[in-house]
Each structure stands twice: as C-alpha cells, then as structure tokens.
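The values are calculated or read from the model by the stated rules, or taken from the named source; none is laboratory data. Fair warning: this is a prediction, and the values are worked out from it, not measured in the lab. Positions of Cβ are generated from backbone atoms using ideal geometry, with glycine treated the same way; all protein chains shown enter the neighbour counts. These accessible areas exclude ligands, DNA and RNA; they are computed on the full protein's heavy atoms, side chains included. Shrake-Rupley method; radii C 1.70, N 1.55, O 1.52, S 1.80 Å.
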Amino acid sequence: MVETPRINKIPYGGDYNPEQWPEETWEEDMRLLKLAHIDIVTLNVFSWASLQSDDDVYHFEKLDKIMELVQKHGLNVCMATSTGAHPAWMARKHPDILRVDHSGMKHKFGARHNSCPNSPTYRKYAPALAAKLADRYKKYDNIAAWHISNEYGGECYCENCEKKFREWLRARYKTIEEVNRVWNTAFWGHTFYDFEDIVLPNLLSEHMDGGRTCFQGITLDYRRFNSESILNAYRLEYDAIHAITPDIPITTNLMGAYQPLDYQMWGKYMDFISWDNYPANDAPIESTAMRHDLMRGLKQGKPFALMEQTPSVTNWLPCNMLKRPGVMRLWSYQAVAHGADTVMFFQMKRSIGACEKYHGAVIDHAGHENTRVFREVAQLGAELDALGAQTLGARSDAKTAILFDWDNWWAVSCSAGPTVYLDYCDEVQRCYKALFDQNIPVDMIGVEDDLSRYDLVIAPVLYMVKTGYDEKIRSYVKSGGRFLTTFFSGYVDEHDLVTVGGYPGRLRDILGIWVEEEDALPADMHNHFRYQDKTYPASMLCDLLHTEGAEALAFYEEDFYAGMPVLTKNAFGKGFGYYVATRSSDEFYRQFLGEICKDSGIMPVMDTPDGVEVTRRVNEKGVFVFLLNHRDDDYTAVLPFGGANLLDGKNYKTGDTLILAGKDAAIVKLQ
C-alpha cells in the first residue's frame, strides 16, 4: 500500500466485513462508502471458518462475489489472509493447534490469537490458505497490499513450544554448557545436564505470581523465542504469497508499544509497517505521537500505514467515551504528521453481535449517512482527495534520536529489583515528552540503526548493553555526537548477566563515572537537587556515583549521599556523554534536554504553547509543516515561515498570522 503505483493519494478506508451481512445490503454499503470518499477496503480478515470447512475443502464463492463487487465500484483492496482465528473444526480434529497459557492450562476453541505458532497443523494450513488466496486473486489489479493474519500476539506454553524451544536453544548456544553459563544456572543448583532437562518458564516452573521470575535469563530467552516463533508463522504466509504475487507489498498490523513481540525484528520482514492506533480519549497526546514515531522507526524512517483507528468509539475500555467532534480528523492528521501514508479505520460497518458490536464504524447501526460520524468521515475523505499525493513518501528530518530496544524492555520488566515502580516505556516517554513539548523532531531507533545522522542520541534506562553496542556509542561520541543515558544503565549484557567492575559497565569510560549503589525510594519519598537555580525532585531510583573525569552539574541535597553528583557531563573525543542519575520531573527533563539540544544546534520546528503540536515531513515535492491544535480553544500562530495551507488553500508569508480553531489542523507547504 505504501510505495505502490496503484494508489496516488493517501489511501482512505478500512475493514469491511460484508460476509457478516445479507448480500442484498452490499450495494447500499457501496453507495455509502463512495459517499464517504472511501477508496480502499480491508477484506477477509476473519473468514477462515467460511473459506475452509475441512482439511481439503475450500469455499471461495462468497469472497469471489465480494471481490467482484468492490472492483465494480472502483475500490482498492487490502487483502487479508483470515488466519487470525482458526476454524472450530480444526481445533476438534487437530488439538495440537490449541494454545496453552502461562498457568499451564490448555485452552479450548474460542476467542482469537488462539493458534499455537509452533503447531504443525497451524504451520501447514495457514500458509496453504494464504497461497490459495494469492493464486485465486492474483489477476485483480485493485489489490494494493496483502494483510497477513491480524494483530499477532500472546504466548503459548504447550509441548510443541517446549520442544521447539530446546531446538532454538541448541541452535543459539550449541552446547548445554553454554546454556548453563548464560543462564547462570549455578544459582540455586539449576544446572542442566541435557537439553531435554529444559522446561518452559511459566507458573509451573520458574515464574511466580505478579510476573516475577526466578531466572531472568531463561524468561528473557523464552520471550525472544516466542516472538520469533510467531514471526516465523507470519513468514510462512509471507513466503507463500510473495512467491505468487511478488509485486504486491505484504504487511501485518502491529500494535504500537506492544511488549510480547520484538517489532524491530519483525520490521525486517515486512514490506511496509502498519499499525492500529487506539488511544483512550484522555491519553497524553505525546504518548500517541511516540508510538507513531516508534512504528516509523521500524523501517529506518520510511512512512507507515495507519491500518486501524476508530471513527468514534472503542468498546473495550472501562468507560468508552465518544471521540468529540473534530478529534477523529485531528488524530488522523497527527498520524500523517508523524509519517503515516494511509488513514484507515476499524470498521466500515458495525456488526450486530459479539464483543465489537458497539465499536465505532463509518456506517452505524442506523444504516444511513445522516449521522455525525459519517459526516466527519466524509469531510476528511474529501480533504484527503484534495490533498492528493503531496505528502506521500515524506520523511522526518530529525537530528535527535531516542533508543528503544525490546530486549532491554523485557530485561527491565523481569528484573529482580531494585523497584517494582520502574517502567521502561514510561521512562522513554518522559524523555520523549520533553522534546515533544518543544516541537523538536525525534526518531525512535533500535540498536542496529546508524547513529551518525543524529546530533543527539538519548537512551533512557539502557539497562542492557549488548556486546558491541558500547563500541557503536563510543565511536559515535568520539566523532562528535552527544549521548545521554540515565539511572539503571549499563548493568547487564544481552544474557542479563551483570557486567562486573562497577556500573555502568561498558559505558563507564564514555560517561566518565562509576556507580557504587542505587537507592530505591518509595513512591511518597523524594530526594532533591538544584540545577540552574531551580530545585527538582529526585525520585524512584537514585544512583550513588563517583566521577572519573566527568563534570558534575548538580548534586543530591539530602540523606547520607547528599553532595554526590546527580547530573554529569563528560567530554569524550569530540563529543559528550551525559548521565542523569535519578528520575525527575517533566519540567526538569524539558529544561535539561532543551539545553543539550540548543548546544547541539537542534532547534524546534517552531515555538507553540502546550497542546499545540508541530512536526515536519520532507519529500521531493517540498517541506510540509503540520500544526495540530489539541486544545479546545483557538490558537493564533505567527508563522516563522511562508507557505500554503494545503487543507484550506490559504497562502501565508513569513510573519503572517494563522488561526487554528480548537481540534483543528493545518498542513503548510513551505515556499
């Protein structure tokens, strides 16, 4: 869908499930979709049960009719493979397909995410169906993309997985002696004598209530294995489709900051990234922005597809508030502002039964166009028609990057101490928010990404420093880069084994410090430090550190470690390494990171008050500045640049005033 010649504008549409409705209603649906300026539909997402009724019995007649219908009405198709939920007969005849949960309980047929990724049955029938679909519909010129399964997720702890886990470990570590070393099994007499001794880490073995684990190394490897197992199931379908329709891009819909799957690894095997954005109405705007940027970063900054969002309301929150007027449009443009080349919804038409019957849709249960939501969808569709292809392919030109690493996330989350209050995503978002609030563009990167294009790299809570990554950082800083990390960084290697000799381990020379201890503070307890004539809180974790060449910028003020450094800056080669030894307030991060950005020559796109977001995308057609007013009241901007607002056609000169109403957006193409 992204980078495809089939569509020369931002694709607009989403999931359509006509198989759930009588055929006589389809034509009216087509009329309404065209009226809403819908130009693409995702078909066949959960149809496995109707497509295959036995091992070798397939039924494509209804899907044939649907495909003919949408082609007749000029709609493009994102064709799904239906493998997100297996049929009931398959569970009855082939129970190996059923998952076993974390407690060791084998599930029955039901729900979705319900197939064991290592089940021989699943690995046979899922790619077989994908191949049949590709072969049957390969001549349709309106298929813009393939959509494999749906929102992959979950875990399985069955015998299939246990057997495959042992094979995975043998391939990774070669010998049982190496497994014992990386898992430190001398602890508690856990030495394994043979690969057959190894069992899965769950509540029947290493895990305790509350998600804690006795052996972090075992749990860490199982999370890697589970993510790769599900990825390999996706790749079976990918290969089956690609062999038949090699020119049609293939994706699956991701879920933002979703912990169980290492999306940075998944991104290597997706032709383009797509994801489903469902923030709560009161979610901080920077939280959604960060997840858009995280998804964009999975393909080194290439545009992504917004595959799903609700046009009005979700159905799974404790209290499912409606999106207020203008919010759907605003959040759609927020996605585009951060790199989306599509705007799509779940769903086109509300179902009449089961758990998503009250989830929002373009066509409501009323069944006509005379609804507030339909009018908003149609208005946005008309705007996207007028916008055309201008922003397609545009990228961020950020000079600041924040490192996000799934292995590190897993390791932090199952660490045995120092505090249960430490949340990796929260700490990343604190740094992201400080830059977001100042309209400083940010790329979210992984450990394999190039650092040289950035003037500042921030790695919050870099607890795990993988072999060789310290060399990458060392080279970057020596060459003039600025690197910042925080408390609880540099403690372990990729196996969650402590790097001895003093924290932050392999980062010690880059930062010019060593950490002797860390003090975990209860939620209601704070130390303090003074920086730039202001006093800031030191909370949750306080590293007690000594300088080894670094300059101390601030000091703790209380307790027995009063006077010890809390902020440091170390000259290293042509660059600098910064260390923040405690968690502090949003005001502090904004001040401190803003200063470092200014010193690095990194400037905001423009200055705005809180609640007004500004981003920039660039392609061969020009530079596009997105202004998004998330506030309820009007915002008056004095533009530091000239250009045309692509959403209303007005032209502006440098210094002109642009007024944005509450929940309004503008896209200014610079002159």
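What the table shows:
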| item | result |
| --- | --- |
| Largest-first ellipsoid semi-axes for the chain, taking √(5λ) over the Cα gyration tensor eigenvalues, angstrom | 42, 35, 20 |
| Percentage relative contact order, the chain, counting C-alpha pairs under 8 Å, at least six apart | 11 percent |
| Over segment 150-307, equivalent-ellipsoid semi-axes from the Cα gyration tensor in Å | 33, 21, 13 |
| Rh (Kirkwood; distinct C-alpha pairs) - segment 612-671, Å | 11.5 Å |
| Label-point separation, His59 to Phe195 (7 Å along Cα→Cβ), nm | 4.3 nm |
| Spacing of the two label points (7 Å from each Cα toward its C-beta) at Phe109 and Asn232, in nm | 2.8 nm |
| Per-pair calculated FRET efficiency, R0 = 25 Å: Phe187 and Asp524 via Cβ, rounded to 0.05 | 0.15 |
| Net lengthening on full extension, Ala243/Asp141 (0.36 nm per residue, minus Cα-Cα) | 35.0 nm |
| 27 Å Cα-Cα threshold exceeded, pairs from Lys9/Lys357; Lys268/Lys466; Lys268/Lys478; Lys72/Lys299; Lys132/Lys163; Lys164/Lys299 | Lys9/Lys357; Lys268/Lys478; Lys72/Lys299; Lys132/Lys163; Lys164/Lys299 |
| Net +/- balance of residues flanking Lys62 in space, Cβ distance below 15 Å, scoring K and R +1, D and E -1 | -4 |
| Local electrostatic count, Gly480, Cβ distance below 13 Å [Lys/Arg +1, Asp/Glu -1] | +4 |
| Filtered GluC sites (Glu not before Pro), segment 547-654: DSSP coil and at most 16 other beta carbons within 10 Å | Glu548, Glu557, Glu558, Glu620 |
| Charge context of Gly388, other residues only, Cβ under 11 angstrom, K/R +1, D/E -1 | 0 |
| Heavy-atom accessible area ranking, 1.4 Å probe, most first, across Arg212, Arg170, Arg296, Arg92 | Arg92, Arg212, Arg170, Arg296 |
| Cleavage-rule hits, trypsin sites (Lys or Arg not before Pro), segment 313-373, DSSP coil, Cβ neighbours within 10 Å at most 14 | Lys357 |
| Cα convex hull volume per residue for segment 535-574 (Å³) | 86 Å³ |
| Carbon plus sulfur fraction of accessible area for segment 120-249, probe 1.4 Å, in percent | 49 percent |
| Alpha-carbon gyration tensor eigenvalues x 5, square-rooted, for segment 551-671, Å | 40, 18, 10 |
| Leu646 accessible area, 1.4 Å probe, all protein chains in place, Å² to nearest 10 | 40 Å² |
| Mean-position separation - Cα centroids, segment 653-671 and segment 163-206, in angstrom | 59 Å |
| More than 18 Å apart - percent of Cα-Cα pairs taken over segment 56-135 | 50 percent |
| Solvent exposure ordering (accessible area, 1.4 Å, most first) of Met603, Met255 | Met603, Met255 |
| Per-residue SASA entry for Arg324, accessible area with 1.4 Å probe, Å² rounded to 10 | 120 Å² |
| Relative compactness, segment 388-493, computed as alpha-carbon Rg over 2.2 N^0.38 Å | 1.16 |
| Label-point separation in nm, Ser475 to Glu551, each point 7 Å along Cα→Cβ | 2.8 nm |
| Accessible area of segment 273-337 belonging to carbon and sulfur atoms, whole % at 1.4 Å probe | 58 percent |
| Sorted largest first, extent of segment 217-367 alpha carbons per principal axis (Å) | 44, 38, 32 |
| Heavy-atom surface of segment 11-78, accessible at 1.4 Å and reported per residue (Å²) | 39 Å² |
| Rg/Rh for segment 1-118, where both radii come from Cα atoms and Rh is the Kirkwood radius | 1.06 |
| Built amide H within the under 5 Å cut-off of Gln52, gap 5+ | His59 |
| Alpha-carbon spread of segment 501-592, three principal axes, descending order, Å | 39, 29, 19 |
| Pairwise FRET efficiency - Ala389 versus Glu369, Cβ, R0 = 41 Å, nearest 0.05 | 0.90 |
| Exposure of His190 as accessible area (Å², to 10), given a probe of 1.4 Å and all protein chains | 50 Å² |
| Net lengthening on full extension, Arg324/Asp633 (0.36 nm per residue, minus Cα-Cα) | 109.9 nm |
| Share of Cα-Cα pairs in segment 285-326 lying beyond 14 Å, as whole percent | 63 percent |
